[in-house]
1. Give the calculated FRET efficiency between Arg76 and Leu54 to the nearest 0.05, with a Förster radius of 35 Å applied to their Cβ-Cβ distance.
2. What FRET efficiency would be calculated for the residue pair Val120, Leu99, taking the C-beta separation as r and a Förster radius of 22 Å, to the nearest 0.05?
3. Return the distance in nm (one decimal) between the two label points of a simple spin-label model at Arg90 and Val45, each offset 7 Å from Cα along Cα→Cβ.
Amino acid sequence: MSARAAARSVPQSAWGREHRARQPEAVRRHRQKDRRRLRSMATAVVGAGLAMMLILGVVGLRVQQVRLSYRLDALRQARADIEETNRRLRVEMATLKSLSRIEGKARTELGMVVPDRDQVRLAREFVQGGGGAVGLDRSSVVAERAVPRAFGVR
């Protein structure tokens with residue numbers, strides 16, 4: 001007896017015997033490929049892949065949006081801090097520029113005093129011909145005044 005014949009003679013369950021009896025020998029050994037079924041499976045796999053890509057794309061965009069919103073909040077906070085620092089520096093600059101503070105420093109640190117009336121003299125400049133500049137003749141004063149006006153500078 002061959003191996004096939006020995007395998008057939010092995011006792012089987014009642015279901016196995018009925019199932020084998022209903023199928024012809026050629027059908028049991030060879031199964032036809034169903035192209036419609038393969039096409040529908042391929043379509044389902046491609047559709048599932050596209051759906052997964054779409055879902056991942058939406059999730060990625062949402063993650064990017066959250067990341068950018070955190071960065072925007074940090075930049076807004078940094079801007080507020082810089083504006084506050086700028087405000088404080090402007091106040092400090094105005095305080096340092098105040099004439100009363102400068103006068104106080106001049107008196108205390110440098111030992112300066114307010115001059116008496118007889119110590120103050122007004123200086124007046126006189127030019128030959130009344131041009132207003134010391135040591136220059138009238139033609140050079142006129143030329144100096146004409147150059148800035150020609151270029152729009154006053």
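Read-outs throughout are calculated quantities, based only on the coordinates presented, and are distinct from any laboratory measurement. Since this is a predicted model, take the numbers as computed values, not measurements. Please note: Cβ atoms are built from the backbone with ideal geometry, for glycine as well, and neighbour counts cover all protein chains shown.
1. Efficiency computed from Cβ-Cβ geometry: 0.60.
2. Values: r = 18 Å, r/R0 = 0.82.
Efficiency, rounded to the nearest 0.05: 0.75.
3. Taking the simple label geometry, Arg90 and Val45 are separated by 6.8 nm.
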